[in-house]
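Q: Pasting in a structure now, in structure tokens, and then I'll have a few things to ask.
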Amino acid sequence: MAGVWGLLAERGAWVTGERRREVLVCGGAAGLAAGGYALAAGLRGRWPAGAGEVAVPYHAHLWDLLHGQAAGDLLFNWNSGYGVPFLADFFAYLMNPLSWPTALLPRDQGRLAVLLVTLATIGLGTALMTRLLGRLHPGPRWLRVLAAVGYGLCAWVLDAGGAAPMWLWGLVSLPLLGLVGDWCLHERRWVAGALCVALVWAGNLYTAALATLVAGLLFAVRLFATPRSFRHRVRATGRAVTLTVTGVLLASPVLFVAVRAARGAQPESPVQPLGPSGLGAHLAQLPPAAYGGRPLPDVAIGVLGLLLVCGLPFNRRVRIRERAAWCVALLLVVLTFVWTPTVLVWHGLAIPAGGPYRVAFVLSGLLVLAGWVSLAHRPDLLTLLGGAAVVALIAVLAAARRSADASTWVLLGVGGTAALAALRLLDRRHTDRRANAVATWVLGGVVLGNAVWSGYAAFGAAPDDGFSPAAVRAGYAAVRSGADWPNGRSDPGPHAFTANDPLLLNGQGGGYFSGYLPTVAALLPHDLGAGWTAGGRQTASVTDPVGQALFGVRAHLDDGPPPHGFTPVRAAAPPLVTVLPPGARPDTSSVWSRQESLLGSQVYDAPLPVPAGGPEPTLHGTSGWSVPGGGGGTVFTAACTPGGTAFFHGLWYRGTVSGLDTSYRSEGEQPTTAVAIHRLGTVPADGVVRVTLRSDVVSQVPARPIGCLRAGALEAAVARLAATGATRVETGGHTLAAALPAGSTGTALLSVPATEGWTCAVGGGRAAAPVPVLGMIGVPLGAGADRIACSFRPPGLTEGLTVTSGTTAVLVLVAVFSRLARRRPARTPRRERRRAARRLPGEPPVDGVRAG
């Protein structure tokens, strides 16, 4: 007995030591990858483009939510788009679990917070890949580290993923799902595997779907690359399928809310449309620091990884069956990146606005895994020569397509030669510990040098954010000083540091960028004269005084002089809840009539303009004017009340607009970029407003592009709305309640987009869906009411929580029964018990089974 306990203790110590060494190795890989990224960013002094536009504002809003400083909550965002749903955006942009600890930093350290999230995610993804490589095939630990660093610092991370922590979660998802597949192959940890799948899908739905597809391909390669019994393959596949389905169902709130939000979201308008480029152009992206300037996948994994992958078909120490499986898998994925229909499938049948190859990390992961299979089998001379020849061919392709620069040739020449020498040394003297150490150090230098140099080159191509932290702090102070929520809004626009200034500065404005922005939320400010970009997925604040009054904007930031570039402005505005009189009928014939319909008063002169010189425009009824391009300017005149203020609404117009001593450039492009209403000046004494349009190309302007705000009309309308509107407004995280003058009739109008999910009750009655009024929330008051109360609930949340509750119950039952089954003593198989029962008296036991 003492010997048995001694053996058990010795095995336990060995297991503990192995785990400690594995933790050390994975931690070392994480540190090297994160350190390499930080070094490249520090040397260049910047990071990939886009971090300041999206990641920093969203993390500032996360800080406000966690510190109780935000007006809204997880369900609704009162800050952006004049009030929009937020839960789908939270799932999409802030569900990386490593984002949440950044709330411990000061609010004005948003850039540092995003950088720390990026470094932590890169480190975690690299550590998990290190572990997965060890489960894929045994091999030297520190060589595993170097292979995994090639994954953690692949070109996709350096060029795109590093700017978006939400996408970067995919870097964690792929190796984590690969480890779950390993558990399925060994028929263990079903419950833990389901929880890991749920974590992946909850972290980011978009990258989770991609990682699941490729993890399934990896599982199939491992299942069929090595000899296994048919029964084992069936059992392992069954575990993988049931485990994955259970994990996805556990993340049902994310899935249901995102699907419902996507269904009602503003359609995408690709900034970089996909075009045919051919296999050669894609292969030319494999060398390090290769950037072709076209929308192509960033799949470079470094010189070492590239040599190993290219040498895999020649590595005779890898079984033919396994080599063939890996080569076929890689070829299939590469071909799906070339053929346009399969590229669309990767992205859910729509090319995202930020670029067509956000999926490139999955191919980078497969390349690293395949390279490790070759490295773990000690590539021989033929393998190294074959890999070098293929790399040389790829380099020639890159040079022919001008996607390689001097740094590419330095990395391939110096790094490739050093890597080949080190790999040859590992093969010839693999039993010599000193030679192995030297070769490992050389390969480490090659991998880190390649990653830092490539990162330095990638960060250099990224444009600067264009604003200083000091200006942002001043803007935040200005917005907060004008805060009067919920009596009125303090809008950070029309001045803009980023596309998400209301989140960045904690104001209540119209600017917002989101992939889940509801169509009604995009169209409401657009129809009232605000601009948009990205086809409406990026909205902006209204710029004219009537539009600002309609949204209850009492303080805003206009463009201004240095040093901060803005000027704070105050103006009177009605409350967030006003009352339209009974029988009011909206007029949608022009932007000016839509504003008047919501205001409840006529404040504009908006005559049909008269062509008065230059190239002759063509009127297409209510659709607008076609203005010829080139040559002299087309002149329009309009008769307005003297002393008023003239505005021009070009909408999609591209060209120069001049009138009343004002001239500005309009950069409209239908349907991608809409231009906001622009102030021209004071209407002269003769009442004639003369506008000259110099078009670059044939452009469209609305039928009534000139509107003249009569002097004093807006002030009178605002006073009337204040007298008849809400006497008190209260808002919660996703609720709004207002007290109205007793006996109010007509329609209570909330200056909030009428998105799906709102319900309102009048006078304490039953809640019902509101009635939209030109895109705003309208609540009919019936015979008379003195209060209304509205609440928002994201569509799909109830269904998602119901499915998750049921799945959780099933998961708990499986966990309990599995635990009980492990504690139950092992039973003799039924077949053996029956054979023992049929044994004749005196017959010896069968296989040690005794009768009775």
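The values are calculated or read from the model by the stated rules, or taken from the named source; none is laboratory data. Here the structure is a predicted model, which means the values were calculated and not measured. Neighbour counts run over all protein chains shown; Cβ positions are idealised from the backbone, glycine included. Side chains included, ligands, DNA and RNA excluded: accessible areas come from the protein's heavy atoms. Shrake-Rupley method; radii C 1.70, N 1.55, O 1.52, S 1.80 Å.
Q: Identify all residues within region 524-536 that are within 22 Å of the chain's Cα centre (by Cα) and buried (at least 24 other Cβ atoms within 10 Å of the Cβ); write none if there are none.
A: The answer is 532, and nothing else.
Q: Being under 31 Å from the mean Cα position of the chain (by Cα) and charged (D, E, K, R): is that true of residue 756 here?
A: Spelling it out, residue 756 is indeed under 31 Å from the mean Cα position of the chain (by Cα) and charged (D, E, K, R).
Q: Which pairs do you get when a residue that is of a type in the set (S, T, N, Q), found in region 436-449, comes within reach of a residue that is assigned to a helix (DSSP H, G or I), reach meaning Cβ atoms under 6 angstrom, with the pair 6+ apart or on two chains?
A: Close Cβ pairs (under 6 Å, with a partner that is assigned to a helix (DSSP H, G or I)) amount to 440/142.
Q: For residue 671, only one of the following conditions fails: (1) closer than 25 Å to residue 523 by Cα; (2) modelled with pLDDT of 90 or more. What is its number?
A: It is condition (2) that residue 671 fails.
Q: Quick one: in region 74-91, of everything that is assigned to a helix (DSSP H, G or I) and out of contact with any helix residue (DSSP H, G or I) (no Cβ under 6 Å at 6 or more places or on another chain), which residue is most open to solvent (accessible area, probe 1.4 Å)?
A: Once the filter is applied, the top-ranked residue is 90.
Q: Would you be able to say whether some residue in region 779-786 is crowded, with 20+ Cβ neighbours inside 10 Å and either without any contact (Cβ under 8 Å) to a residue 24 or more places away in the chain or not small (Gly, Ala, Ser) (or both)?
A: Yes, there is a match, as at least one residue in region 779-786 is crowded, with 20+ Cβ neighbours inside 10 Å and either without any contact (Cβ under 8 Å) to a residue 24 or more places away in the chain or not small (Gly, Ala, Ser) (or both).
Q: So which residues in region 19-41 are of a type outside the set (A, V, I, L, M, F, W, C) and either open to solvent by less than 60 Å² (accessible area, probe 1.4 Å) or touching a Ser or Thr at 6+ places or on another chain (Cβ under 8 Å) (or both), if there are any at all?
A: 22, 27, 28, 31, 35, 36, 37
Q: Please find, among 397, 411, the residue that is closer than 30 Å to residue 175 by Cβ, in contact with a Ser or Thr (Cβ under 8 Å, 6 or more places away or on another chain) and modelled with pLDDT under 80.
A: 411
Q: Against the conditions (1) within 19 Å of residue 591 (Cβ to Cβ); (2) touching a residue at least 24 places away in the same chain (Cβ under 8 Å); (3) in contact with a Leu (Cβ under 7 Å, 6 or more places away or on another chain); (4) open to solvent by less than 40 Å² (accessible area, probe 1.4 Å), where does residue 677 fall short? Just the number, please.
A: Of (1) within 19 Å of residue 591 (Cβ to Cβ); (2) touching a residue at least 24 places away in the same chain (Cβ under 8 Å); (3) in contact with a Leu (Cβ under 7 Å, 6 or more places away or on another chain); (4) open to solvent by less than 40 Å² (accessible area, probe 1.4 Å), only one is false for residue 677: (3).
Q: If you don't mind, there's one more thing I want to ask. Checking residue 361 against (1) of a type outside the set (Asp, Glu); (2) under 30 Å from residue 267 (Cβ atoms); (3) open to solvent by less than 60 Å² (accessible area, probe 1.4 Å); (4) modelled with pLDDT under 80, which single condition isn't satisfied?
A: (4)
Q: Among the residues of region 766-775, is any touching a helix residue (DSSP H, G or I) at 6+ places or on another chain (Cβ under 8 Å) and either among the acidic types (Asp, Glu) or in a loop (DSSP other than H, G, I, E, B) (or both)?
A: Taking every residue of region 766-775 in turn, at least one turns out to be touching a helix residue (DSSP H, G or I) at 6+ places or on another chain (Cβ under 8 Å) and either among the acidic types (Asp, Glu) or in a loop (DSSP other than H, G, I, E, B) (or both).
Q: Considering only region 312-336, state which residues are polar (S, T, N, Q) and part of a helix (DSSP H, G or I).
A: Scanning region 312-336 gives a single hit, 336.
Table: residues versus (1) of a type in the set (D, E, K, R); (2) buried (at least 24 other Cβ atoms within 10 Å of the Cβ); (3) out of contact with any helix residue (DSSP H, G or I) (no Cβ under 6 Å at 6 or more places or on another chain).
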| position | (1), (2), (3) |
| --- | --- |
| 301 | no, yes, no |
| 316 | yes, no, yes |
| 323 | yes, no, yes |
| 329 | no, no, no |
| 334 | no, no, yes |
| 341 | no, no, yes |
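Q: Check off (1) of a type in the set (Phe, Trp, Tyr); (2) at pLDDT 90 or above; (3) open to solvent by 30 Å² or more (accessible area, probe 1.4 Å) for residue 58 and give me the number that stays unchecked.
A: That leaves (3) as the condition not met.
Q: What are the pairs, 6+ residues apart or on separate chains, where a residue within region 576-603 that is closer than 27 Å to residue 705 by Cβ has its Cβ under 7 Å from a residue that is open to solvent by 30 Å² or more (accessible area, probe 1.4 Å) and part of a strand (DSSP E or B)?
A: Cβ pairs passing all conditions: 580/747.
Q: Can you tell me which residue is surrounded by the fewest Cβ atoms within 10 Å (Cβ to Cβ) among those in region 705-738 that are basic (Lys, Arg) and not in a helix (DSSP H, G or I)?
A: My answer is 728.
Q: Something else now. Quick one: how many residues across region 626-642 are at pLDDT below 90 and outside any loop (DSSP other than H, G, I, E, B)?
A: The qualifying residues number 1.
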